[in-house]
Amino acid sequence: MKKLTFFLSILILIAIAVFVGINLSPKDVHINAQGLKYRLGNDNTESEKAVNVNIEGKLHTSITGKRSFKGTINIEGENIPVPVEQRQLNMPISQDGWGVISYPYFEYKKASDGSPGAVNNTHIYQYGSLFINSDFSKVTILVSDQKESDGTGASSWSAEDGQMITVPASSRSEAIRLSNELMRDFLKGFELK
């Protein structure tokens, strides 16, 4: 009887270890798809533009169920004032699939020999926020409007006329439907138009 109990205990522990190992191992994220960049609001239907979006990285899940994305997001035609070698994201993802696309980066002084020297300034560029589905195959990005003119470097987004990028999507109606689906918990009954 003791041998049977011991054997069953070992089998249960192995099953738990396999389950945890499979569910906690990082999932590869490879999205290279066409999406749509558009501005919300009935008056902004001419602002649509097809864009290619490339997302590469890994989606990590902790033992407590918290998710994070580590990788890069490249959007055709977007001017991101962050050095390419510093665009690696480490983004926590909330339970409702929301994350902030934020790039902390350093500006280096040049040494007298022309090589990079000490850190001169630190910056954080807030590109926007994203919402994903559970397997990171559908994405909608809330693109922040940068307010360079006020000197603060602040950014904002509005559910009434904010910029969006949705992948995969080939039409405005498809993009808005997908955005409303991904942002359901965040919007709390409000619908994007």
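Every number here is computed from the coordinates shown, using simple stated rules; none is lab data. Nothing here was measured: the structure is a model prediction, and the numbers come from that model. Glycine gets a Cβ as well: all are built from the backbone with ideal geometry, and neighbour counts include every protein chain shown.
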Flagged links, alpha-carbon separation over 19 Å, of 27/66; 70/138; 49/70:
49/70
Please check the chain for the longest run free of GluC sites (Glu not before Pro) that are loop-located per DSSP (anything but H, G, I, E, B) and have at most 16 other Cβ atoms within 10 Å.
79-159
Cα-based Rg / Dmax (Å) for the range 26-187
17.1, 56
Against the longest principal axis of the chain, how steep is helix 2-24, in degrees 0 to 90 to the nearest 10, with axes from Cα atoms?
10 degrees
Using only the alpha-carbon atoms, how far is helix 172-182 inclined from the longest principal axis of the chain? Give it as 0 to 90 degrees, nearest 10.
40 degrees
Let me have the relative contact order for the chain, percent, based on Cα pairs under 8 Å that are six or more residues apart.
19 percent
Centroid-to-centroid separation of the range 52-80 and the range 120-193 [C-alpha atoms, Å]
14 Å
Residues residue 190 and residue 134, FRET efficiency given R0 of 25 Å [Cβ-Cβ distance, rounded to 0.05]
0.65
